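Written out below as structure tokens is the structure these notes cover.
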Amino acid sequence: MRVLQWIVARCAGHAPEVETPLGLMPEYDDLNWEGLDFGPERYAQVTAIVPDQWVRELKSHEELFAKIGREASQGARARIRSTGGAPDGVIAH
């Protein structure tokens with residue numbers, strides 16, 4: 001629900017965002033952490049973009065698309081191929 005609060009506020013033009021290779025994301029201070037023991041260091045750890053991990057993740061998506069054939073999103077397949085298996089900005093082409 002906390003991320004949903006940020007999404008709604010962002011859509012209404014009331015919350016900032018940070019552009020990342022994976023899309024728009026909130027910074028730590030943009031989310032409501034009341035009642036949670038989840039500091040900025042932990043947030044940075046879980047939102048870090050590790051290129052090797054994303055390359056493996058996107059390759060697994062391509063394998064799934066190959067298994068499900070025509071049902072796969074052609075747009076997603078094209079996007080993965082065009083990036084060489086990595087989201088824009090994660091690995092220089």
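The values are calculated or read from the model by the stated rules, or taken from the named source; none is laboratory data. In this text, all values refer to a predicted model and were calculated from it rather than measured experimentally. Every residue, glycine among them, receives a Cβ derived from its backbone with ideal geometry; neighbour counts consider all protein chains shown.
Selection over segment 30-52 of residues that are surrounded by 11 or more Cβ atoms within 10 Å (Cβ to Cβ), at pLDDT 90 or above and assigned to a helix (DSSP H, G or I) gives a count of 6.
Right, SER73: touching a Phe, Trp or Tyr at 6+ places or on another chain (Cβ under 8 Å), of a type in the set (S, T, N, Q) and modelled with pLDDT under 90 or not?
For SER73, the condition - touching a Phe, Trp or Tyr at 6+ places or on another chain (Cβ under 8 Å), of a type in the set (S, T, N, Q) and modelled with pLDDT under 90 - is met.
Of all residue pairs spaced 6 or more apart or on separate chains, those with beta-carbon atoms under 7 Å, a first member in segment 19-36 that is within 12 Å of LEU4 (Cα to Cα) and a second member that is of a type in the set (Phe, Trp, Tyr) are PRO26/TRP6; ASP30/TRP6; LEU31/TRP6. Annotation for segment 11-23: no member residue is surrounded by 12 or more Cβ atoms within 10 Å (Cβ to Cβ), in contact with a strand residue (DSSP E or B) (Cβ under 7 Å, 6 or more places away or on another chain), within 28 Å of ARG79 (Cα to Cα) and among the β-branched types (Val, Ile, Thr).
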